[in-house]
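The structure appears below as structure tokens.
The values are calculated or read from the model by the stated rules, or taken from the named source; none is laboratory data. Owing to the predicted nature of the structure, the values given are computational and were not obtained by experimental measurement. Glycine also receives a Cβ, built like all others from the backbone with ideal geometry; neighbour counts cover every protein chain displayed. Accessible surface is based on the protein model in full, side chains and every heavy atom, while ligands, DNA and RNA are left aside. Shrake-Rupley method; radii C 1.70, N 1.55, O 1.52, S 1.80 Å.
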Amino acid sequence: MSESTVPQTLDIVRYPDPVLRRSAVPVTVLDDEIRQMAEAMVRTMHESRGLGLSANQVGWLKRVVVVSETGAPEDTRVAVNPVVLSEEGAIALEEGCLSFPGLYGLITRPERIRVRYQNLSGETVEEAAEGMLARCFLHEIDHLDGVLFITKMTPADRMRVKRFLRELEEEYAGPRPVRP
Ligand code: NI
């Protein structure tokens, strides 16, 4: 058996790294590398006390997200190739993002959704999600399309966070290698 090249935890890419603006590609074969990377994403999310993490955020351009609407390990879902099937209602909730540490804002998104994805066993899962779970899925699936939550803030909030974003831009050390 060959040794894994996937570390236990992964570095989280911060704004304004260009990988955050790129679209991730579908997973065609759910192999060991995909499983190991997804499991490393789960560990990274919990270690960072996040409620969700997308592959783009660890510099990997595959359609994989992990979510835990409570932050508890038992509520963790790994979603491969997630798709939003339907959306209903609208609600404003406060959101943050591990690629924007310390930044929060009210974002309006659908209140209830249906999602379909594959789990790590390769089974297709279809489920209804509302509240924080729906929110986590929507935020993370946006990441897979290169869409960041700051683009969905109200104009007033975008003004408010301008200086914060400029600070992240000044701290930014340049892009790291992207894992295909
Ligand atoms: Ni995020």
Cβ-Cβ under 8 Å, sequence separation 6+ or interchain: first residue in the range 54-76 and without any contact (Cβ under 8 Å) to a residue 24 or more places away in the chain, partner in a loop (DSSP other than H, G, I, E, B). Which pairs?
75/68; 75/69
Among 108, 28, the single one that is open to solvent by 60 Å² or more (accessible area, probe 1.4 Å) and within 28 Å of residue 157 (Cα to Cα) is 108
Keeping to the range 144-160, report how many residues are of a type outside the set (Asp, Glu) and at pLDDT below 95.
6
Could you check the range 26-60 and list, in sequence order, the residues that are more than 22 Å from residue 124 (Cα to Cα) and more than 16 Å from the ligand (Cβ to nearest atom)?
43
Got a sec? Which of 19, 66 is buried (at least 19 other Cβ atoms within 10 Å of the Cβ), part of a helix (DSSP H, G or I) and either modelled with pLDDT of 95 or more or within 12 Å of the chain's Cα centre (by Cα) (or both)?
19
Checked 92, 156, 129 against criteria (surrounded by 19 or more Cβ atoms within 10 Å (Cβ to Cβ) and not in a loop (DSSP other than H, G, I, E, B)); the one match is 129
Criterion violated by residue 113 - all others in (1) open to solvent by 70 Å² or more (accessible area, probe 1.4 Å); (2) more than 15 Å from the ligand (Cβ to nearest atom) satisfied
(1)
Report whether or not residue 86 is more than 16 Å from the ligand (Cβ to nearest atom), open to solvent by 40 Å² or more (accessible area, probe 1.4 Å) and either within 29 Å of residue 172 (Cα to Cα) or touching a residue at least 24 places away in the same chain (Cβ under 8 Å) (or both).
yes
